[in-house]
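Only one structure is covered here, and it is reproduced in the block below.
No lab work stands behind these numbers, since they all come straight from the coordinates. Bear in mind that the values here come from a model prediction, so they are computed numbers and not experimental data.
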Amino acid sequence: MKVCEIFTSIQGESSYAGMPCTFIRMAGCNLRCSYCDTTYAYEESIELSENEILNEVTLIGTNLVAITGGEPLLQEGTFHLVERLIGEGHKVLIETNGTLSIKDIDSRAIIVLDVKTPGSGMSEDMDVSNFDYIKPSDEVKFVITDRTDYEWSKDIIAKYNLKPRCQILFSPVFGMLAPELLIKWMLEDRLDVRLNLQMHKYIYGGERRGV
């Protein structure tokens, strides 16, 4: 499997923010989002077997494991890797960009589905049929660049009746949209979603890798 990096840090996002976590960052992505903060994962990779990945995770020793990218679902081996990790007792998060089907992901995994807003430049690539497979334990994340993205995201939540079915996260793009402004909009609209800040960037800065 093509892996960009494996490291441990706190989980910086989602409802699991603040938890010690092992990150498996898969290499390769089928999108080019305007605000991407992991462009190095497009090409930078090493070849690791499933067992080599599992051994590294075991050595690190955290219960929580996040498989991210890049886009991890581009690699067929990701699906079996998820099953193996769960079988060994790990809680597994899959962070995916929403363009590839999540239908065949092990139902015990927690999917963090990134809905691409217009500000990403990639909103037309979304596979909205993925909303049919969302579980209550899953999370749908909207990365917000401006008010247009915010209003668009509200429309998507309503159109696909997402709120009763899973956790909804609104994440301001670091350094682009002030969190206090997004909070203001959410409070004005009494919007029942969770503010999602990239905690690791506030702790370590926006450019540091492996955190």
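With both bridge residues required to lie in the range 2-204, what share of the DSSP beta bridges run antiparallel, to the nearest 5%?
25 percent
In whole Hz, what ³J(HN,Hα) sequence does the range 187-204 give by Karplus (6.51, -1.76, 1.60; θ = phi - 60°), x for Gly and Pro?
6, 4, 8, 6, 7, 8, 10, 9, 6, 10, 9, 7, 3, 4, 6, 6, 8, 10
Where does helix 147-159 land angle-wise versus the long Cα axis of the chain, in degrees 0 to 90, nearest 10?
Orientation of helix 147-159: about 80 degrees from the principal axis.
Between their Cα atoms, which of Lys2/Lys163; Lys91/Lys163; Lys103/Lys184; Lys159/Lys201; Lys154/Lys184; Lys103/Lys201 are more than 25 Å away from each other?
As for pairs spanning more than 25 Å Cα to Cα, those are Lys2/Lys163; Lys103/Lys184; Lys159/Lys201; Lys103/Lys201.
Given a cut-off of under 8 Å on Cα pairs at least six residues apart, what relative contact order in percent is computed for the chain?
Normalised by residue count, the contact order of the chain is 19 percent.
State log₁₀ I(q)/I(0) for the chain at q = 0.14, 0.15, 0.18 Å⁻¹ as given by the Debye formula over alpha-carbon point scatterers of equal weight, solvent excluded.
Rounded to two decimals, the profile gives -0.82, -0.95, -1.41.
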